[in-house]
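**Student:** One structure follows; several queries about it will come next.
Bear in mind that the values in this text are calculations on the coordinates, not laboratory data. What you see is a predicted model, and the numbers here were worked out from it, not measured in a lab. Neighbour counts run over all protein chains shown; Cβ positions are idealised from the backbone, glycine included.
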Ligand SMILES: Cc1cc2nc3c(=O)[nH]c(=O)nc-3n(C[C@H](O)[C@H](O)[C@H](O)COP(=O)(O)O)c2cc1C
Ligand code: SF4
Ligand code: FES
């Protein structure tokens, strides 16, 4: 097991309370930052750490912070994205449920760096019981003087509260989140202007994922350079991976970036292999929005190198033979799973969750769902497979927010790697309703 | 799109009004936002209203919430119809939202949905004859590693099997909250 920076104390009894958390080294980063550092210095450490956004896009956090506009006399906001609705992703939930004070600590230090006197945690409405946990922890932090006016005598004021959503995947998109937090429908905004200039209430705003904000705590405690020593290349630090599907031991793991995918799936410290002695068929390594990989591209790249748990290695081969680390929602399929069915299931998800603002996404996701439904139920024809590719092209790049792409790319990847299985659903209609296709053969040469 | 078609003719017979205690809670929420931005509390207050006024949002409830916020009723309807958690029609006493998304499907959510439907003699979207249970499906609820699962109120029931479902239903019927 590698180093654990976020979940080090997840099994300490009572760690959700202020006192136990504090005894285990909690809130040190607040003391350090507020008493001995300037906001600029905190930003510098985050930049040095190489931390990249843990919400899915992997954008460098320090750089994002440095873009925040700072007009005189205008408030700035930090929003924590706890919407966590990407299928396969349940890591933020684990962190907040187990160690709520870690997120609160990160919020205080990050807000100090950004000069935000008010911040909000926007949490998906279904996590209402976690909202209760967070509010209890926040109340404790106020009581102990870590929130409110003049924190630790530093002159820094900070208020923090939690706001629930109402059930809408799209509210994880940062501008939809802002709309929702303003009490409106979660329709993404056109960019520019970017939230860094005009966000919540038209004020400069930073939106960061739960895990990104939590990671600021060890970065300030140990220094950005120390943090950057963990991991590999531009994938610095540790990453929470939520593993699910047909695994012996699904769950949330904190990994040092750079371990092999092989070790993560089969290693004793991690998922311990495929459940029920079955074989691996495919893997979606970063949440439902990233391309699916067939078994022969999961643990090795097309070039035959070990695939590693890093942003770069998972993306190796581009969309032709790679995928993405995404949100860390690691979904594993065994040999009994039907790729057509799963592709249809995900397409239905996106059709359900499209906010409906742009026609290519609203109509396109619905079309894909219908066509895939036909194929899955043995009523499709060969043209349908090409039709999917066509719809894909119409959506891609033609929408206000990336949900359209997130819906299109996984379908394209499934057809790219599993075309045989799609065609089998057309050629062997009856057979395809009775049994599953099984494993696909490894191609002799991979482009 | 997440908005649903709804029979807006269903109504509450009495005007819903928050108790003084609930109203105080609302004021606390308003204070979390800057001057003039209290609308930010709308989703939270709609959750409260749903809980207070029978588990669903009638036109009367939404109009009342608009009054509380001093905004136009349409601003409340817009929000209530966008977010899938809000029930725009009356439901059973307990609403089972069974996750049907990929990772749960890999571990058998389809058969859990079928099983509950058969057991309660209802289809997805319907309420059992005794008014106790409504069966719904939902998209990924962030419990994929503990699949299959269902949400009932604030509670997540995970690692479902047919036996677990039996226990859960029996407990709710007996007025207990299963763990
Ligand atoms: C459709 C859609 C859904 C998203 N859902 C989430 C989410 O649930 N949680 C999250 O942190 N980021 C989500 N994102 C990414 C956010 O827009 C944003 O990039 C992220 O919160 C930035 O934080 P980070 O830089 O710390 O990763 C989503 C993006 C899109 C397009
Ligand atoms: S791409 Fe889809 S989800 Fe995004 S704004 Fe357009 S319609 Fe809405
Ligand atoms: S897929 Fe069911 S909880 Fe995520």
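**Student:** Between residue B:176 and residue A:72, what's the calculated FRET efficiency when r is the beta-carbon distance and R0 is 51 Å? Round to 0.05.
**Tutor:** Calculated value: 0.30.
**Student:** Quick one: what do you get for the stretch A:319-379 if you divide its Cα Rg by 2.2 N^0.38 Å?
**Tutor:** Rg over 2.2 N^0.38 Å, computed on Cα atoms: 1.29.
**Student:** Let me ask another. Taking the 0 to 90 degree range and rounding to the nearest ten, how far is the long axis of helix B:73-82 tilted relative to the main principal axis of chain B, both from C-alpha atoms?
**Tutor:** 20
**Student:** A follow-up question, please. How long, wide and thick is the stretch A:133-245, going by the Cα atoms along their three principal axes, in whole angstroms, largest first?
**Tutor:** The Cα atoms of the stretch A:133-245 stretch 41, 40, 34 Å along their principal axes.
**Student:** Another one. As I understand it, the value is the acute angle between the Cα axis of helix B:20-30 and the longest principal axis of the Cα atoms of chain B; what does it come to in degrees, rounded to 10?
**Tutor:** 80
**Student:** Separate question: Just order A:165-171, B:104-110 by mean Cβ neighbour count inside 10 Å, highest at the front, would you?
**Tutor:** In descending order of packing, they fall as A:165-171, B:104-110.
**Student:** Another question about this same structure. If you average the alpha carbon positions of the stretch A:88-135 and of the stretch B:15-64, how far apart do those two centres end up, in angstrom?
**Tutor:** When both Cα centres are located, 23 Å separates them.
**Student:** OK, next. Let me check the size of the stretch A:324-447 from its C-alpha atoms; what are the radius of gyration and Dmax in Å?
**Tutor:** Just the Cα atoms of the stretch A:324-447 yield Rg and Dmax of 14.6, 44 Å.
**Student:** Taking Cα atoms, how many degrees apart are the long axis of helix A:100-114 and the longest axis of chain A, rounded to 10 and kept between 0 and 90?
**Tutor:** With rounding to tens, the tilt is 70 degrees.
**Student:** Under the definition of Cα pairs under 8 Å and six or more residues apart, what whole-number percent is the relative contact order of chain A? Kindly include the intermediate steps, with their values, before the conclusion.
**Tutor:** Numbers: 918 pairs, mean separation 69.9, N = 447.
Dividing the mean separation by the residue count of chain A yields 16 percent.
**Student:** Moving on. In Å³ and rounded to a whole number, note down the convex hull volume per residue for the Cα atoms of the stretch A:100-184.
**Tutor:** 92
**Student:** Same structure, new question: In 5 Å bins starting at zero, report the fraction of Cα pairs in chain B per bin as a rounded %.
**Tutor:** 1, 8, 15, 18, 17, 14, 13, 9, 5, 1, 0
**Student:** Which percent, nearest 5, of DSSP beta bridges in the protein assembly as shown are antiparallel?
**Tutor:** 45
**Student:** For the stretch A:163-219, what is the relative contact order in percent, using Cα pairs closer than 8 Å and at least 6 residues apart in sequence?
**Tutor:** Once divided by the residue count of the stretch A:163-219, the mean separation gives 22 percent.
**Student:** Now for a different question. Report, to two decimal places, the Cα Rg of the stretch B:94-173 normalised by 2.2 N^0.38 Å (N = number of residues).
**Tutor:** On the way: Rg = 11.3 Å, N = 80, 2.2 N^0.38 = 11.6 Å.
This ratio for the stretch B:94-173 stands at 0.97.
**Student:** Report the per residue volume, in Å³, of the convex hull enclosing the C-alpha atoms of the stretch A:18-228.
**Tutor:** Considering the Cα atoms of the stretch A:18-228, their hull volume per residue is 114 Å³.
**Student:** For n ≥ 4 DSSP H runs only, could you compute -39500 (n - 2.57) per run for chain A, divide by its residues and tell me the 222 nm figure to the nearest 500?
**Tutor:** Working: 18 runs with 191 residues, N = 447.
Counting only the DSSP helices, I get -13000 deg cm²/dmol.
**Student:** May I pose another question? Could you tell me how far the Cα centroid of the stretch A:343-378 sits from the Cα centroid of the stretch A:410-430, in Å?
**Tutor:** Using only Cα atoms, the two centres lie 17 Å from each other.
**Student:** In Å, the Kirkwood hydrodynamic radius of chain A over pairs of distinct alpha carbons? Walk me through the numbers before you get to the answer.
**Tutor:** On the way: mean 1/r = 0.0441 Å⁻¹.
Result for chain A, one decimal place: 22.7 Å.
**Student:** Mind giving me the FRET efficiency for residue A:389 and residue B:20? R0 is 41 Å, r the Cβ-Cβ distance, nearest 0.05 is fine.
**Tutor:** The value I calculate is 0.10.
**Student:** So what's the gap between the Cα centers of the stretch A:248-272 and the stretch A:152-215, to the nearest angstrom?
**Tutor:** Each part's Cα centre sits 32 Å from the other's.
**Student:** Mind listing P(r) for the stretch A:230-380? All alpha-carbon pairs, 5 Å bins, whole percents.
**Tutor:** That works out to 2, 10, 17, 20, 19, 14, 10, 7, 2, 0, 0, in percent per bin.
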